[in-house]
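> First the structure, which I've put down as structure tokens, then a few questions once you've had a look.
The values are calculated or read from the model by the stated rules, or taken from the named source; none is laboratory data. Remember, predicted model here, so these are calculated numbers, not experimental data. Positions of Cβ are generated from backbone atoms using ideal geometry, with glycine treated the same way; all protein chains shown enter the neighbour counts.
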Amino acid sequence: MERKALLLLACVLLATGALAKPKAPQWPEAPFKSAVAVAKLSAAPNKTSSGKGYLNLFLVRPDVGPSYFNLILEGSMKGVTMAHIHVANASANNPIRLGLFPKVTAPKIPVLLNPPLTYKGTLNFTAYFNATDIGYWGSAEPLDFLMQLSRGELYVNVHTVANPGGEVQGRFACKDQCMWPVCSAVPGYPC
Ligand SMILES: *[C@@H]1O[C@H](CO)[C@@H](O)[C@H](O)[C@H]1NC(C)=O
Ligand SMILES: *[C@@H]1O[C@H](CO)[C@@H](O)[C@H](O)[C@H]1NC(C)=O
Ligand SMILES: *[C@@H]1O[C@H](CO)[C@@H](O)[C@H](O)[C@H]1NC(C)=O
Ligand SMILES: *[C@@H]1O[C@H](CO)[C@@H](O)[C@H](O)[C@H]1NC(C)=O
């Protein structure tokens with residue numbers, strides 16, 4: 001009986017090992033009352049690129065302050081024109097959800113950097129965004145954006161002159177619980 005249980009345990013351990021998810025990213029330090037998501041960027045399907053990088057997204061609870069991101073590009077790339085967060089939905093043509101680079105604020109029109117940017121080394125593009133910015137491309141409700149993030153629907157796409165459809169990309173992983181802290185509103189106690 002005991003032996004059977006041990007065998008069973010061994011099988012369960014093997015099975016979970018085989019199904020192990022990819023290692024969670026190194027989560028950046030989460031600012032006060034925020035959800036944190038990371039997208040690791042590498043060459044888009046069927047593309048080659050000397051560029052890579054990551055995007056750290058800090059979705060700050062709307063009553064606390066604006067949200068922001070660090071877009072870090074490494075290696076080298078030629079002719080970077082723009083970067084967006086997209087919704088992975090092929091039948092809808094993977095629509096833009098938020099502008100990132102060169103501008104966050106771009107009502108319904110993708111803004112191309114002119115002239116395009118060529119870099120080698122490390123590039124750090126950091127910007128703030130708020131409900132107005134996400135509202136340009138979809139629901140302006142930050143919670144809706146957060147839900148899309150938690151469902152794994154959002155990815156980052158960096159466009160170049162050579163690859164206008166995207167040269168490096170990465171799907172977001174959102175740190176547990178992928179939600180803002182909520183609390184009962186006791187008067188006089190900030191939460
Ligand atoms: C990549 O190329 C393969 C083979 O040509 C093709 O079947 C596949 O659809 C391509 N994937 C994308 C995302 O373009
Ligand atoms: C994808 O887009 C189509 C067309 O706009 C829409 O009907 C569908 O609901 C979308 N799927 C998801 C999962 O949002
Ligand atoms: C990028 O810049 C932001 C803002 O200056 C900073 O907080 C962040 O640590 C930088 N990240 C890297 C990898 O340099
Ligand atoms: C977002 O920030 C811009 C300034 O960058 C401001 O004009 C706008 O009112 C803000 N929107 C919200 C919903 O706070």
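> Could you please find all residues in the stretch 150-168 being outside any loop (DSSP other than H, G, I, E, B) and out of contact with any strand residue (DSSP E or B) (no Cβ under 8 Å at 6 or more places or on another chain)?
Those that are outside any loop (DSSP other than H, G, I, E, B) and out of contact with any strand residue (DSSP E or B) (no Cβ under 8 Å at 6 or more places or on another chain): none in the stretch 150-168.
> Looking at the structure I just gave you, is Gly75 under 14 Å from the mean Cα position of the chain (by Cα) and assigned to a strand (DSSP E or B)?
No.
> With respect to Phe172, is the statement that it is among the aromatic types (Phe, Trp, Tyr), touching a Ser or Thr at 6+ places or on another chain (Cβ under 6 Å) and surrounded by 14 or more Cβ atoms within 10 Å (Cβ to Cβ) true?
It is false that Phe172 is among the aromatic types (Phe, Trp, Tyr), touching a Ser or Thr at 6+ places or on another chain (Cβ under 6 Å) and surrounded by 14 or more Cβ atoms within 10 Å (Cβ to Cβ).
> Still on this model: If you go through the stretch 62-79 one residue at a time, do you hit one that is hydrophobic (A, V, I, L, M, F, W, C), closer than 18 Å to Gly135 by Cα and surrounded by fewer than 16 Cβ atoms within 10 Å (Cβ to Cβ)?
Within the stretch 62-79 (the criterion being hydrophobic (A, V, I, L, M, F, W, C), closer than 18 Å to Gly135 by Cα and surrounded by fewer than 16 Cβ atoms within 10 Å (Cβ to Cβ)), the answer is no, since none of the residues qualifies.
> Take Val80 and tell me if it is of a type in the set (Val, Ile, Thr) and assigned to a loop (DSSP other than H, G, I, E, B).
So Val80 fails the test.
> Report, by residue number, each residue of the stretch 42-53 that is away from ligand 1 (no atom under 16 Å from the Cβ) and buried (at least 21 other Cβ atoms within 10 Å of the Cβ).
Gly51, Gly53
> Might you check whether a residue that is part of a loop (DSSP other than H, G, I, E, B), in contact (Cβ under 8 Å) with a residue 40 or more places away in the chain and hydrophobic (A, V, I, L, M, F, W, C) occurs anywhere in the stretch 139-149?
no
> Of everything in the stretch 85-137, what is of a type in the set (Phe, Trp, Tyr), within 16 Å of ligand 3 (Cβ to nearest atom) and assigned to a loop (DSSP other than H, G, I, E, B)? Give them in sequence order.
none
> Take the residues in the stretch 19-63 that are within 16 Å of ligand 3 (Cβ to nearest atom) and assigned to a loop (DSSP other than H, G, I, E, B), then tell me which one is modelled with the lowest pLDDT.
Applying the filter and picking the extreme gives Pro25.
> Same structure again: List the number of the failed condition for Pro116; all other conditions in (1) more than 16 Å from ligand 2 (Cβ to nearest atom); (2) crowded, with 18+ Cβ neighbours inside 10 Å; (3) farther than 11 Å from Val168 by Cβ hold.
Among (1) more than 16 Å from ligand 2 (Cβ to nearest atom); (2) crowded, with 18+ Cβ neighbours inside 10 Å; (3) farther than 11 Å from Val168 by Cβ, the lone unmet condition for Pro116 is (2).
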